[in-house]
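Working notes for the structure below.
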Amino acid sequence: MKQVITTALTVCAMAGSTHAQVQRKDWHCHAAKSHWHQQQGMAAKPTVESTEEDKYDMKYVKLDISMSNVTTTLGGSVTTVARVVVPSLGSYVFELEAPLVIDSVLIDGVLRPYTTSGDAHTVALASPLAMGTMFTAQVFYHGTPISGTNSSAKGINSLRSPSWGNWATFTLSESYRAKEWWPCKQSLKDKIDSADIWITVDDSLKAGSNGLLQAVTPVAPGRVRYEWKERYPIDYYLISAAVGKYVDYSYYMRFDGSPDSMLVQNYIYDNPATLPNFKNIIDSTDEQINFFSSLFGRYPFWKEKYGHAMGALSGGMEHQTMSTMGFFQSWLIAHELGHQWFGDNVTCATWSDIVMNEGFASYCEYLYLDHFRGRAAATADMRDRHVNVMSELGGSVYVDDTTSEPRIFSSRLTYDKGACMVHQLRHVINNDPWFFSLLRSWQTYMKDSTGSTMEFRDLAKAMFGTTVNGINIDTFFQQWFYGEGYPMYTARWSQVGANVFVQLQQTTTVPTSVSLFKVPLELRLRSATGDTVIRVLNNQNNQLFSFSWGKTMTNMSIDPNAWLIDSTLSISRVSTFSINDVQHTDISVAPNPTTNSWVATGIADAALTLCDVTGKTIWNTTHAGNTAVQIPAATLAPGMYLLRVRRMGMEDAVLKLIKE
């Protein structure tokens, strides 16, 4: 299987898949999902069309529709089984957008009248239904929705591939576009317990969808019905259809360390050149499934399948169990496959929390690169994301305007800053078994449901405590999820004997949002005989750190491994630091200067060491509790001394003391 991966990467390279193009993945996904709205200036809506839709819980849907590969024209019926969740339900409300035409509506098999207001359709019930009552609604409809373009998809699209010349009709319902092709309830939190998707097409075509294909049933001369069954809970926007002249390229994979196997099913354009071009990359899908399963837990829909169906997208769309793909490259498979965990198994609770889908799926690209191509390629990918995020000074991962689909699917904020936020959380935890345990627990506890960023934060707190390695988890999410901007550093350093001193001054790009980013920060100390990387806790401004290092320091760099979104303004060497360079606001030493002794306060459970400027230890003690500490000075020669305060879970504090 290693040879499959190697060959697949060679094909990517031959196709021009340089690292820069890997980084463009997020634009592909972003373009596919939101570019049309940006072009047309169309505003989306933040929730269901009518609050009346929240009065019932979706249990099951069955789509029984006819489609073609060369037009968006469709027709048929959608059956919904739902349960009443309010004391009394007097009407059934669903969404469907013009130019689709409703032919009739049945409630429990009885024809009922309906009224229309915008895209909401209200069906009067014969009599109110009590809480807990199950009912069945069937909507018959037909029409020709407006198709998208090759670079800007709509809810349903009938397009010719510009690369291969094949026509296909495919759906793309995220975020508010299911109503453009089927009568539905567009509520993220109301996952549908199960679904059947039946698609009737000409017998020269194939129709791909969610779940497992149960049968291909002849229904008329030259016509067949593809009958798909999805028995895992599914969100409305993940129900899909793809119709084209496809070849079915399928195989079974086996899960590592298990006798269990799973179908990998792919509907590929029947162009004789298409499958040979992509086959090696497609064959690597099982390697990725096993890799991500080792990180997040077994692929969540393994009792059905994973696969792909082609359509003229500028990227891909993570339809549950069968992603729609415009083309195949390994990083694109990694992104859409990652969504099966982050987006499909656990779906974002609101569009404000889209990072729980797209940020994590984008981070799966990084994980893929790190595992299959090496750390250098992954780090280069992360640096590219940093560059994109820092191309503007502000902007939060949290989406405050869910009426704007370009904002929901912002390449800079949702995809790149979202992936960076996940990477930075990994850096804070600083323990990969813990970090991936958090991701697996999220999949276990929230499976088949929806989850918010704050619920993810709370899970991290429950697993690791309020503070991890000196960083408060609430503060982390306040800074990087809600907050705007990033830190910028000015550094000065000096070396006296074996003692290295580094002073960091942090400014932020949007100080009204975050005045100081409290972060774990790596510093690379450089020398002609070899470098070393030291991790510090940057939790205050104008902060001085000291280290013992036997090498002669020549320079330094900040965040050398690209863990954080940050920038370095300047680094300079100084011969010494003045007494006013650094202030530790939590520690007070007085009098300073002194003739007899210093008294330190604000110190709790710490080891204190007094050194001269050569680094020689003059005095030390271990101090328990938070009482004042007296530091002797009467016998010392006049001059400057350095007090190092070492506290559990915190970086060393170094204060400059003067003896007169």
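What follows is calculated from the coordinates using simple rules that are stated; it is not laboratory data. Everything numeric here is computed off the predicted structure, so don't read it as measured data. Note that each Cβ is placed from the backbone with ideal geometry, even for glycine, and that neighbours are counted across all protein chains shown.
At-a-glance table
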| item | result |
| --- | --- |
| Angle between the chain longest axis and helix 453-464 axis [Cα atoms, degrees, rounded to 10] | 50 |
| Relative contact order %, the chain, counting alpha carbon pairs below 8 Å whose residues are six or more apart | 10 |
| Peptides ranked, highest mean first, by Cβ atoms within 10 Å: ranges 157-168, 529-540, 178-189 | 178-189, 157-168, 529-540 |
| Listed peptides 110-123, 543-556, 476-489, 363-376 by packing density, highest first (mean Cβ within 10 Å) | 476-489, 363-376, 543-556, 110-123 |
| Sites residue 231 and residue 377, calculated FRET efficiency, Cβ-Cβ separation with R0 25 Å, nearest 0.05 | 0.05 |
| Cβ-Cβ FRET estimate between residue 144 and residue 124, R0 fixed at 35 Å, reported to 0.05 | 0.75 |
| Relative contact order %, segment 2-352, counting alpha carbon pairs below 8 Å whose residues are six or more apart | 18 |
| Packing rank of 383-395, 617-629, where each peptide gets the mean count of other beta carbons within 10 Å, highest leading | 383-395, 617-629 |
| Whole-Hz ³J(HN,Hα) from phi, Karplus 6.51 cos²θ - 1.76 cosθ + 1.60, for segment 416-427, glycine and proline x | 6, 5, x, 5, 5, 4, 4, 4, 5, 5, 4, 5 |
| Restraint check, 279/305; 62/229; 55/303, Cα-Cα greater than 21 Å | 55/303 |
| Potential extension, residue 258-residue 528 segment - 0.36 nm per residue separation minus Cα distance | 92.2 nm |
| Cα→Cβ-extended label distance, 7 Å offset, between residue 108 and residue 220, nm | 3.3 |
| Separation between Cα centres of segment 592-660 and segment 339-393, rounded to whole Å | 45 |
| Kirkwood hydrodynamic radius (C-alpha pairs) into Stokes-Einstein, the chain, 25 °C and 0.890 mPa s, D in µm²/s | 89 |
| Zone residues, segment 77-112, relative to residue 133, backbone N less than 18 Å from point 7 Å out along Cα-to-Cβ | 80-94, 106-112 |
| Mean Cα-pair separation over length for segment 54-136, i.e. relative contact order, pairs under 8 Å, 6 or more apart, % | 32 |
